[in-house]
Amino acid sequence: MTNNEVHNENNNLPQYSNQQPTQSIGLALASMIVGIVSLLFCLIFTPISILCSIAGVILGAISLGAKKGGKGMAIAGVACSGAALLFVMFWVSYLFR
């Protein structure tokens, strides 16, 4: 057996990789971050909190609809954003009653 034959036999072996395919979690991460920011700014900067809450719900819904990675972060983002939006609505209604 020559070197050429051994080299050709090794090339026919299947190639395996230990790397996992990466999934896009950008929208889910953005939803979670914006949701947390909206919770932090509920009482201090109400207009910023309202905008962040709406953006967080939209980003989380898009991420959940895309069926990509980061489902838990997207759910957390929607929950934080929704809670902040409800809290701001009650806060504003209490202030202007």
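Taking the stretch 28-97, which chymotrypsin sites (Phe, Trp or Tyr not before Pro) meet the DSSP loop condition and have no more than 10 other C-beta atoms within 10 Å? Don't jump to the answer; show the numbers that get you there.
Numbers: sites: Phe41, Phe45, Phe87, Phe90, Trp91, Tyr94, Phe96; in loops: Phe41, Phe45, Phe96.
Answer by residue number: Phe96.
What ³J(HN,Hα) values, in whole Hz, does the Karplus curve 6.51 cos²θ - 1.76 cosθ + 1.60 give for the stretch 61-66 when θ = phi - 60°, with x put for Gly and Pro?
Computed from phi, the couplings for the stretch 61-66 are 5, 5, 5, 5, x, 7 Hz.
Could you tell me what percent of the accessible area of the stretch 21-75 is made up of carbon and sulfur, with a 1.4 Å probe and every protein chain present? Mind showing how you got there, number by number?
Working: 2610 of 3300 Å².
The computed percentage sits at 79.
The values are calculated or read from the model by the stated rules, or taken from the named source; none is laboratory data. These numbers were taken from a predicted model, which means no experiment stands behind them. When we count neighbours, we look across all protein chains shown, and the Cβ atoms used for this are built from the backbone with ideal geometry, even at glycine. Note: areas computed on protein heavy atoms with side chains; ligands, DNA, RNA excluded. Shrake-Rupley method; radii C 1.70, N 1.55, O 1.52, S 1.80 Å.
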